[in-house]
Amino acid sequence: MNPITVLLAEDHLIVREGLRALLKSEPDLKVVGEAENGREAVTLSSKLCPDVVVMDIAMPLLNGLEATRQILQATPSTKVLVLSAHSDDAYVEQVMALGAAGYLIKQTAAHVLPEAIREVHKGKSFFSPSISRRRKDHAKKALARGDLPGKGAAPLTPREMEVLQLVAEGKANKETAEELHISVKTVEKHRQSLMEKLNIHDTAGLTRHAIATGIIESSVQVTIL
């Protein structure tokens with residue numbers, strides 16, 4: 001039987017090394033590539049067509065949210081397993097809505113990652129135990145209340161997500177335009193749309209939102225693998 005091929009998308013080298021070492025001991029799993037930013041993850045995924053991508057969210061150049069969207073659009077057969085330090089429910093649901101197959105918290109990833117990769121490869125969903133319990137509890141309470149899915153705030157477009165990340169990373173409009181190969185005027189329109197959708201009206205607020213939702217990191221995370 002062929003091993004399950006895995007692409008590691010994580011910007012911190014020490015974390016990638018820990019993940020690689022962990023998976024190397026599993027005979028049915030094979031790491032076929034490593035990416036240190038979201039754009040590299042998209043490129044390598046299209047080139048290698050891995051069975052599973054282990055995806056960090058807060059990465060440079062292109063965050064894991066948009067990278068996940070692009071990977072699933074380009075290679076639908078690939079499963080994306082998110083690995084993040086963020087575990088709030090709204091954030092988990094946002095990631096799952098993009099089509100990710102599972103969500104692991106970095107603090108609990110070490111002993112369940114191989115199992116999670118196997119499960120999502122089978123077409124199943126997989127969550128860290130604490131997230132799984134909360135999702136079940138919320139579902140039961142919602143069912144008891146008779147809640148129906150409602151319309152929330154307008155979702156951000158892929159381009160708005162890219163602009164939000166670059167703004168939060170401190171890029172000026174001109175730098176953002178050059179990075180995305182669009183005009184400064186278009187960047188300004190995206191910024192205005194971001195502020196309206198998020199009801200945030202300054203750059204500092206956009207930055208706080210990007211940090212709170214894990215699009216960028218406020219500090220370097222330390223692996224606990």
* To do: Output the number of residues of segment 1-31 satisfying the condition of being over 17 Å from Lys122 (Cα atoms) and in a strand (DSSP E or B).
  => 3
* Residue list for segment 12-37, restricted to those being open to solvent by less than 10 Å² (accessible area, probe 1.4 Å) and either out of contact with any helix residue (DSSP H, G or I) (no Cβ under 6 Å at 6 or more places or on another chain) or within 15 Å of Thr75 (Cα to Cα) (or both) -> Val15, Leu19, Leu23
* From the residues in segment 38-74 that are of a type in the set (Ser, Thr, Tyr) and more than 12 Å from the chain's Cα centre (by Cα), which one is most open to solvent (accessible area, probe 1.4 Å)? -> Thr43
* Identify, by number, the condition in (1) surrounded by 15 or more Cβ atoms within 10 Å (Cβ to Cβ); (2) modelled with pLDDT of 75 or more that Ser87 doesn't meet. => (2)
* Asked: For the subset of segment 111-126 comprising residues that are under 18 Å from the mean Cα position of the chain (by Cα) and touching a residue at least 60 places away in the same chain (Cβ under 8 Å), which member is surrounded by the most Cβ atoms within 10 Å (Cβ to Cβ)?
  -> Ile117
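Can we say Ser77 is at pLDDT below 90, open to solvent by 10 Å² or more (accessible area, probe 1.4 Å) and not in a helix (DSSP H, G or I)? Full working, then the answer.
Numbers: at pLDDT below 90: no; open to solvent by 10 Å² or more (accessible area, probe 1.4 Å): yes; not in a helix (DSSP H, G or I): yes.
For Ser77, the condition - at pLDDT below 90, open to solvent by 10 Å² or more (accessible area, probe 1.4 Å) and not in a helix (DSSP H, G or I) - is not met.
Within segment 102-153, how many residues are outside any helix (DSSP H, G or I) and at pLDDT 75 or above?
The qualifying residues number 10.
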* Restricting attention to helices (runs of 4 or more DSSP H) lying wholly within segment 154-201, give those where 1 or more residues are surrounded by fewer than 14 Cβ atoms within 10 Å (Cβ to Cβ) and over 22 Å from the mean Cα position of the chain (by Cα). => 173-180, 184-198
* To do: Could you tell me which numbered condition Pro50 fails, if it satisfies all but one of (1) over 22 Å from Leu156 (Cβ atoms); (2) part of a helix (DSSP H, G or I); (3) modelled with pLDDT of 95 or more?
  => (2)
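The values are calculated or read from the model by the stated rules, or taken from the named source; none is laboratory data. Values in this document were obtained by computation on a predicted structure and should not be read as measured data. Cβ coordinates were reconstructed from backbone atoms using ideal geometry, including for glycine residues, and neighbour counts include every protein chain displayed. Just so you know, the surface numbers come from the protein's heavy atoms only, side chains and all, with ligands and any DNA or RNA stripped out. Shrake-Rupley method; radii C 1.70, N 1.55, O 1.52, S 1.80 Å.
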